[in-house]
Amino acid sequence: MITDPEAFLNYFRSIHRRTLRDIEALPPPAEGWEPSVGEGEKGWGISRIVHHIAESRLYFASAYCGKGWRYDWVPPSTDLQSGWIPALEASAVEFQKQLAGTPAEWLERRVKMIDTDGMLSGWRILMMLLEHEVHHRSQIDTYAGLEGWDVPQIYGRTREQIDLLQDSRTL
């Protein structure tokens, strides 16, 4: 459980860095890539997913800060690949600005859900943000892998490299 907003922001920054790393690794053909089938969110291309990651950070911040579940922050354009990192950076800055200095009590404060009568604690909403971002980053990484593009390894090594290391060591 998260007990300090600044500790959460430190963790958010690590998630953000990994998102930037994966987006920066995409080759130029990623700019126009879209799934061959699917409608709505299932048919989003990479540029639209990057836009969604950027805008969603402020959607969750709005709920956490007691302003309601609102998509009312417009990120910089992600139409071109050159705009992907600036949009993610701008949303990270704005997200941190909105959460900075919020009281620790807000982590326990109950927030009404948008689509049910249920309530969630503030820390769970912040965790939803992180899970949401990792989900979409993984979606982009999966698309990249299917296209044969290099995908950064989360821990800097592949399964095959671990197997070789294991085989070279005796227990």
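Readers should treat all values here as calculations from the given coordinates under stated rules, not as data from a laboratory. Because the structure is a prediction, the values reported are computed rather than measured. No Cβ is skipped: glycine too gets one built from the backbone with ideal geometry, and neighbour counts run over all protein chains shown.
Things worth noting here:
- Mean-position separation - Cα centroids, the range 6-40 and the range 83-119, in angstrom: 18 Å
- Backbone phi angles across the range 48-59, fed through the Karplus curve with coefficients 6.51, -1.76 and 1.60 (θ = phi - 60°), yield HN-Hα couplings of 6, 5, 4, 4, 5, 4, 4, 6, 5, 4, 7, 4 Hz in residue order; Gly and Pro are listed as x.
- Cα long-axis angle, helix 84-99 against the chain (0 to 90 degrees, to the nearest 10): 30 degrees
- Shape of the range 54-102, Cα gyration tensor, a/c cut at 1.5: oblate
- Computing FRET efficiency as 1/(1 + (r/R0)^6) for Asp72 and Asp150, where r is the C-beta to C-beta distance and R0 is 41 Å, gives about 0.70.
- Each of Arg159 and Glu6 was given a label point 7 Å from its Cα along the Cα-to-Cβ line. The distance between the two points is 4.1 nm.
- Considering helices alone, the calculated mean residue ellipticity of the chain at 222 nm is -18000 deg cm²/dmol, with DSSP H runs of length four and up weighted by -39500 (n - 2.57) and normalised per residue.
- Rounded, prolate or oblate (a/c below 1.5 giving rounded, otherwise prolate when a/b exceeds b/c) for the chain by Cα gyration tensor: oblate
- Helix 159-168 vs. the chain, principal-axis angle (Cα, 0 to 90°, nearest 10): 60 degrees
- Long-range HN-HN contacts of Ser121 with modeled amide H, under 5 Å: Val111
- Calculated FRET value between Asp117 and Lys42, using beta carbons and R₀ = 25 Å, to 0.05: 0.30
- Positive contributions from Lys and Arg (+1) and negative ones from Asp and Glu (-1), summed over other residues with Cβ under 14 Å from the Cβ of Gly118, come out at +1.
- Sequence ranges 75-82, 150-157, 35-42, ranked by mean other-Cβ count within 10 angstrom, highest first: 75-82, 150-157, 35-42
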